[in-house]
Amino acid sequence: MPLLTKAVASSVFFSSSLAALLTLSSHGVSANNELGVDDPVNELPAEFDQFRHLENPVPPDDYSEVDKALFEGQDPGSVDLEGNPPPQPRTAKISQAPSSTPVPLDNCVLQDRVLQFEAIFSSTNVIRRAGLRLFASPMTLCDGYGDGPVDPGLDRTLLGNRPVLQNGQTPFLRLHGLDAQACLECHSIKSNRVIPATFAVGGSGPSSASPFPMMTQYDGTDPDSSGVVEAPFELNESARAINPPGIFGAGGIALLAKEITLDLQNLLATAEANPGNIVALNSHGINFGTITCTGPGSCNGQNIEGLTNNLDSPDPGATLQDLTEVLIVRPFSRKGSFTTTRAFDIEATKFHMGMQPVEEVSYFTDPDGDGVTNELFVGELSAMSLFLEGIEPPEIASPLSDEASAGKETFSAIGCADCHIPSLTTRNRFLPFSFPQVDSDPLQNIYRVLNLQNHGFPLAGFGSGVRVDLFSDLKIHDMGPGLAEANGNSRFTTARLWGVSDSGPYMHDSRALTLRDAILYHDGEGATAKANFAGLSAVEQSHLLKFLGALKSPANPNIGL
């Protein structure tokens, strides 16, 4: 089913001829049987700049109600998108309400629904304000919060069949989701480095906000008097604690990931077209290893680096295989599982609130059996992603003090910057949004863009891209047994250190209450940098910590909303 009317489809979808041109011109052939370039970011054109007219698209003059259904990816003959059947008589339109909106005392919180049509054609501020409201809305049972009645014959860890605490009327579970009414509850702190803490929508979360996915039993015992609670054998081995990160600057992260993914996919095409040659996976100054292929869909990825977490990703070295779904940068979540905030939100809204996005379950269906349909519209996920990926990035204090400047030099000298790369540069400044998303091809189904220059990212030199001071390489690293989770998995995406001064506690599970502790907890691929830090003088350590203290949250996040 097409998503866009003919009036706008031709201006939105990327042309196949240009895509082919990019693929053919992306990479040269070098000597010694190795293909690739040192850094495609300096060779490729700005792919997304051609969509700049989609920053504030002009709606077609002759759109109809049927067109709106097409935007949602639905059969226009079977979907009424302007309202829901009883008992949820809610309208589908964006309210022009101010950013502060009263919560209804005795009704659904989702009063004004957002259609994909509106996510595409509303002004940037209007749709992002709608996304902010959705992000901050405390969902209720009327909106679809929670799971339906438990079926004792089914797995109670499955979404839609989770039990609740205390009694049948309590909607929360806490140890396996159903632990928050709003996204804001876990992403609300601008700075934990001042007393009292300051708050901002999209910030990090305190230790009390850490969710605990996949826990099925928990008895809180310490049978060997070790001082560490031992979970019972029945505890699902995937159980783990998650420290909620800040979302500031998510647009720059998403854009880098899309550009690197395009490079990796083009390099895959090069490898498939040149059987037996070693192709280096270089993009934006980052090396992701090498691949060799015997032909299309038949590649050896055993030397790929930093793209799989060995938890929910395919093993690229198992056999000769199609590496299309492996050569994708997924920067969101600590395990490298999601390509965009939208992909993350689809799973997070289901897990934390039991809110089911219609793009997964379709309209007017109720898979979780809670008596509510149409819990989150396609347009509502779009509005939230436009809001989140438009939040301003963290900042570096300027000018740095003499001590912090010295600490910056030490940060690089002892190896911290090898993984926590201070700054990366995009070749585009227009961040695209797609529905439906095709993770391996960010050029597909683009319906709108944000100009990141207008959202706090500085232009990079004389190019068309922006500078992203994220302090990460966007790769997944094995951090060793010292940081392994309950299931033994020790692979994590390199934490982004921008804003780290304000976002304590630290590490994936909040184990580090100070930045010094966070450094000294490093293990595995981070063990050398940790040892180098431990070997510094007290003064040198103090200077490095003062440098990290200069990496702050944005001064005015969500300005204008």
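The values are calculated or read from the model by the stated rules, or taken from the named source; none is laboratory data. Note that the coordinates shown come from a computational prediction; the quantities given were computed from them, not determined experimentally. Neighbour counts are summed over all protein chains in view; Cβ atoms, including those assigned to glycine, are modelled from backbone coordinates with ideal geometry.
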Practice item. For region 369-391, indicate whether the set of residues that are in a helix (DSSP H, G or I), without any contact (Cβ under 8 Å) to a residue 24 or more places away in the chain and out of contact with any strand residue (DSSP E or B) (no Cβ under 9 Å at 6 or more places or on another chain) is non-empty. Key: no
Practice item. Would you tally the residues in region 349-371 being of a type in the set (A, V, I, L, M, F, W, C) and touching a helix residue (DSSP H, G or I) at 6+ places or on another chain (Cβ under 7 Å)? Key: 2
**Study point:** Matching residues in region 343-368 - criterion: being on the phi < 0 side of the Ramachandran plot, part of a loop (DSSP other than H, G, I, E, B) and in contact with an Asp or Glu (Cβ under 8 Å, 6 or more places away or on another chain)
**Key:** MET355, GLN356, TYR363, ASP368
**Study point:** Residue satisfying all of: in region 524-551; part of a helix (DSSP H, G or I) and of a type in the set (Gly, Ala, Ser); farthest from ALA417 (Cα to Cα) among these
**Key:** ALA538
Check your understanding: Restricting attention to region 170-184, does a residue exist that is part of a helix (DSSP H, G or I) and modelled with pLDDT of 95 or more?
Key -> yes
Practice item. Please name all residue pairs, on different chains or six or more residues apart, with Cβ atoms under 7 Å, provided the first residue is in region 305-324 and is charged (D, E, K, R) and the second residue is part of a loop (DSSP other than H, G, I, E, B) and surrounded by fewer than 14 Cβ atoms within 10 Å (Cβ to Cβ). Key: ASP322/GLY297
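Name every residue in region 311-331 that is within 17 Å of ASP441 (Cα to Cα), of a type outside the set (Val, Ile, Thr) and crowded, with 18+ Cβ neighbours inside 10 Å, in order of residue number. Give the steps one after another, and end with the answer.
Our first condition is that a residue be within 17 Å of ASP441 (Cα to Cα); within region 311-331, this holds for 322-331.
Subsequent filtering for residues that are of a type outside the set (Val, Ile, Thr) retains 322-323, 325, 327, 330-331.
Selection gives LEU323, LEU327, ARG330, PRO331.
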Check your understanding: Given the structure, is GLY461 outside any loop (DSSP other than H, G, I, E, B), among the small types (Gly, Ala, Ser) and surrounded by fewer than 21 Cβ atoms within 10 Å (Cβ to Cβ)?
Key -> no
Point to revise | Positions within region 133-168 being modelled with pLDDT under 90 and among the hydrophobic types (A, V, I, L, M, F, W, C), in sequence order | key: VAL150, LEU154, LEU158, LEU159, VAL164, LEU165
Review point. With respect to ASP441, is the statement that it is within 30 Å of SER464 (Cα to Cα) and among the acidic types (Asp, Glu) true?
Key: yes
Check your understanding: In region 232-242, is there at least one residue being under 17 Å from GLU389 (Cβ atoms) and either modelled with pLDDT of 95 or more or under 26 Å from the mean Cα position of the chain (by Cα) (or both)?
Key -> no
Point to revise | Residue selected from region 120-169 under the condition assigned to a helix (DSSP H, G or I) and free of Cβ contacts under 8 Å to residues at least 40 places away in the same chain, by the criterion farthest from GLU55 (Cα to Cα) | key: ARG133
Point to revise | Test: LEU450 is of a type in the set (A, V, I, L, M, F, W, C), in a loop (DSSP other than H, G, I, E, B) and either modelled with pLDDT of 95 or more or surrounded by fewer than 23 Cβ atoms within 10 Å (Cβ to Cβ) (or both) | key: no
Check your understanding: Quick one: what pairs do we get from region 509-530, first residue touching a residue at least 12 places away in the same chain (Cβ under 8 Å) and more than 18 Å from ILE476 (Cβ to Cβ), second surrounded by fewer than 16 Cβ atoms within 10 Å (Cβ to Cβ) and of a type outside the set (Lys, Arg), C-beta under 6 Å, 6+ apart or different chains?
Key -> SER510/SER207
Point to revise | Considering residues of region 309-342 that are touching an Asp or Glu at 6+ places or on another chain (Cβ under 7 Å) and not hydrophobic (A, V, I, L, M, F, W, C) only, the residue farthest from GLY249 (Cα to Cα) | key: PRO314
Practice item. May I ask you to verify whether ARG156 is surrounded by fewer than 18 Cβ atoms within 10 Å (Cβ to Cβ) and within 23 Å of the chain's Cα centre (by Cα)? Key: no
Exercise for review: Return the pairs, sorted by first residue and then second, in which the second residue is among the basic types (Lys, Arg), the first residue lies in region 172-200 and is under 22 Å from ASN556 (Cβ atoms), the beta carbons are less than 8 Å apart, and the residues are 6+ apart or on different chains.
Suggested key: SER191/LYS552; ALA197/LYS190; THR198/LYS190; PHE199/LYS190; ALA200/LYS190
Check your understanding: So ASN556 fits all but one of (1) out of contact with any strand residue (DSSP E or B) (no Cβ under 7 Å at 6 or more places or on another chain); (2) crowded, with 18+ Cβ neighbours inside 10 Å; what number is the exception?
Key -> (2)
Point to revise | Of residues in region 370-405 being surrounded by 24 or more Cβ atoms within 10 Å (Cβ to Cβ) and among the β-branched types (Val, Ile, Thr), the one farthest from ALA529 (Cα to Cα) | key: VAL378
Point to revise | GLY371 under 28 Å from ALA182 (Cα atoms) and modelled with pLDDT of 95 or more | key: no
Point to revise | Checklist (1) modelled with pLDDT under 85; (2) buried (at least 19 other Cβ atoms within 10 Å of the Cβ); (3) part of a loop (DSSP other than H, G, I, E, B) applied to ALA69, failing item | key: (3)
Exercise for review: Answer yes or no: is there a residue in region 406-413 that is among the aromatic types (Phe, Trp, Tyr), crowded, with 17+ Cβ neighbours inside 10 Å and more than 26 Å from the chain's Cα centre (by Cα).
Suggested key: yes
Review point. Within region 312-325, can you find the residues that are modelled with pLDDT of 95 or more and either among the β-branched types (Val, Ile, Thr) or outside any loop (DSSP other than H, G, I, E, B) (or both)?
Key: THR324
Review point. Which of the residues that make up region 546-561 are modelled with pLDDT under 95 and of a type in the set (D, E, K, R)?
Key: none
**Study point:** In region 418-462, the residues that are farther than 20 Å from PHE338 by Cα, among the small types (Gly, Ala, Ser) and in contact (Cβ under 8 Å) with a residue 40 or more places away in the chain
**Key:** SER423, GLY456
Review point. Would it be correct to say that GLU359 is in contact with a Phe, Trp or Tyr (Cβ under 8 Å, 6 or more places away or on another chain), free of Cβ contacts under 8 Å to residues at least 60 places away in the same chain and closer than 30 Å to GLU118 by Cβ?
Key: no
